[in-house]
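Report on the following structure.
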Amino acid sequence: MTIPVSAASAAVEAQALLRAIPKVDEALAWLSPAGSSAAAPARLTKIVVRQILAECRRDILAGRLRRPEELSRERLLPRLAGRLAARLRPNFRPVINATGVVVHTNLGRSLLPETAAANLAAVAFRYSNLELDLETGKRGSRYSLVENLLCELTGAEAGLVVNNNAAAVLLVLQTLAAGREVVVSRGQLVEIGGSFRIPEVMARSGARLVEVGATNRTHLRDYERAIGADTALLLKVHTSNYRISGFTAEVAAGELVELAARYDLPVMEDLGSGSLLDFSRYGLEKEPTVQEVLKAGVDVVTFSGDKLLGGPQAGLILGRRAIIEQVKKNPLNRALRIDKFTLAALESVLRLYFDEEQARAEIPTLRMLTTPYAEVRRRANRLRRRLKDLPPESCGLELVRVNSRVGGGSLPEMPLPSCALALNPRKLSLNQLEKSLRRAAIPVIGRIENDRLLLDLRTVADREVAELAAILREVLA
Ligand SMILES: *Cc1c(COP(=O)(O)O)cnc(C)c1O
């Protein structure tokens with residue numbers, strides 16, 4: 001048998017390269033005097049060194065690493081130090097959202113007002129009255145810390161908060177309708193963010209879905225025909241993340257409530273985004289508020305804490321006392337309960353709603369949604385000015401009018417006129433620029449549109465403008 005000369009010599013070269021890979025201790029010694037690893041635990045440093053040496057071995061065997069200089073201290077040390085520095089940064093950290101999507105699910109949805117963050121920190125460091133009634137000295141309920149506020153703000157008789165709205169929907173269905181039927185319009189069998197689908201959540205709750213009407217039109221008589229001995233509940237789902245337009249018909253909550261009353265059935269509405277204030281007063285699209293839904297007589301309503309409410313991740317359940325009491329007693333509630341940090345943040349956010357102007361000014365989600373175009377434009381101008389001495393041959397910079405989006409599956413058709421800095425890099429490709437910004441010490445997330453990278457200033461805070469300018473200078477340098 002003959003081995004081709006080239007293959008044989010490649011194998012000999014690979015053997016030589018493998019022998020030239022530095023030993024773990026040798027590479028560790030390179031790192032220690034450099035100072036860069038001073039803060040790194042020895043164990044983590046060793047893991048990183050082993051990883052990089054294993055990568056070298058793999059690259060040699062795959063024929064990707066062919067030259068001995070690639071294994072030199074000079075080449076490997078920066079790579080080791082870089083990887084170690086990356087490993088020392090928290091995996092979970094702040095980013096600059098320059099996408100213009102206000103309730104951005106991938107970027108943490110809603111930001112907390114400063115007062116809420118402070119309240120959260122206060123109970124994080126110290127013991128708290130989470131389940132102690134300070135009046136009586138007896139065991140208290142964590143839910144009572146926010147239940148009153150929720151009732152005062154919305155007119156609900158009672159309320160409960162769980163981990164998120166998906167949990168709220170599951171818990172209410174399981175409590176009121178397990179083993180029985182729930183009537184829903186075909187046009188409202190929504191999917192939210194891939195994994196939450198009304199029919200699937202319904203199946204998990206043990207309730208049986210009875211679909212009525214057609215995709216585009218459902219009438220009151222459709223619901224009425226579906227009501228039978230096994231019916232437990234009429235469910236309305238707010239189609240928060242899409243719109244059916246054209247020849248459509250939906251039954252209003254009030255009509256559904258009247259029908260349900262005749263059959264002695266409760267009505268539930270999954271509001272999804274759940275706003276406490278009327279966005280149409282700020283020039284945005286009309287969304288039903290939680291107060292309006294309850295006033296229409298809906299018996300139990302569920303919504304998210306971190307969509308239009310602008311609070312922490314949570315699922316709010318509000319409604320008639322008898323129903324809420326039943327839900328509270330469900331053992332599943334214990335598995336879905338919220339933690340003390342969420343409660344602390346939620347309470348602070350709710351308190352802001354007693355003064356609508358204060359809520360709008362201090363709750364970042366509301367502030368960003370209602371910031372006028374002119375103000376976003378001024379912010380964009382400030383950013384542009386901080387970059388004015390960038391050499392024009394490095395990157396084209398231009399302020400452009402764009403549309404921001406609400407996001408989070410809320411107000412899907414509502415474009416928010418906004419202002420973006422459009423970057424047209426001359427030395428990097430658009431993808432390289434996007435990647436460098438994403439990998440910066442404070443990652444910057446924008447969007448590529450029409451062969452430009454857009455940084456939409458609606459979702460960038462005033463205090464982030466200087467930071468953003470510094471990052472852009474560094475990346476474009
Ligand atoms: C967003 C949404 C949910 C899920 O809420 P989470 O808080 O994300 O769990 C459920 N129903 C509707 C209609 C929604 O819009």
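Read-outs throughout are calculated quantities, based only on the coordinates presented, and are distinct from any laboratory measurement. This one's a predicted model, so the numbers in the text were calculated from it and none came from an experiment. With ideal geometry, Cβ positions are generated from the backbone for all residues, glycine too; neighbour counts draw on all protein chains shown.
Table for the structure above
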{"quantity": "Residues of type aspartates and glutamates that residue 435 reaches as a straight line, Cα spacing below 16 Å, ignoring anything fewer than 8 places off in the same chain", "calculated": "449, 451, 474"}
{"quantity": "Estimated FRET transfer efficiency when R0 is 41 angstrom, pair residue 106-residue 12 (beta carbons, to 0.05)", "calculated": "0.25"}
{"quantity": "Ordering of 199-209, 264-274 by burial proxy (mean other Cβ atoms within 10 Å per residue, highest first)", "calculated": "264-274, 199-209"}
{"quantity": "Whole-angstrom gap from the stretch 420-463 to the stretch 334-353, using each part's C-alpha centre", "calculated": "34 Å"}
{"quantity": "Descending semi-axes in whole angstrom, ellipsoid equivalent of the stretch 5-88, from the Cα gyration tensor", "calculated": "28, 11, 10"}
{"quantity": "Difference of contour (0.36 nm per residue) and Cα-Cα distance, residue 354 to residue 203", "calculated": "50.5 nm"}
{"quantity": "Fraction of antiparallel bridges per DSSP, the stretch 152-277 only, in percent to nearest 5", "calculated": "10 percent"}
{"quantity": "Candidate lysines - alpha carbon under 24 Å from residue 23, same-chain residues fewer than 8 apart omitted", "calculated": "46"}
{"quantity": "Antiparallel DSSP beta bridges within the chain, as percent of all bridges there, nearest 5", "calculated": "60 percent"}
{"quantity": "Label-point gap, in nm, between residue 329 and residue 125 - each point 7 angstrom along Cα→Cβ", "calculated": "4.3 nm"}
{"quantity": "Amide N proximity, the stretch 416-458 versus residue 373 label position 7 Å along Cα-to-Cβ, cut-off under 13 Å", "calculated": "416-420"}
{"quantity": "C-alpha center-to-center spacing [the stretch 124-150, the stretch 278-317] in angstrom", "calculated": "25 Å"}
{"quantity": "Net lengthening on full extension, residue 286/residue 69 (0.36 nm per residue, minus Cα-Cα)", "calculated": "71.6 nm"}
{"quantity": "Over the chain: helical MRE at 222 nm, DSSP H runs n ≥ 4 each giving -39500 (n - 2.57), nearest 500", "calculated": "-13000 deg cm²/dmol"}
{"quantity": "Dipole magnitude of the stretch 1-131, debye to nearest 20 (Cβ charges: Lys/Arg +1, Asp/Glu -1, about Cα centre)", "calculated": "160 debye"}
{"quantity": "Pairs from 286/340; 236/307; 388/427; 307/328 whose Cα-Cα separation, in the structure shown, is over 28 Å", "calculated": "286/340"}
{"quantity": "Potential lengthening between residue 255 and residue 136 on full extension [0.36 nm per residue; Cα-Cα distance subtracted]", "calculated": "38.4 nm"}
{"quantity": "Inter-site label distance for residue 152 and residue 216 at 7 Å from Cα along Cβ, in nm", "calculated": "4.8 nm"}
{"quantity": "Kirkwood Rh, Cα atoms: Rg over Rh of the stretch 85-161", "calculated": "1.10"}
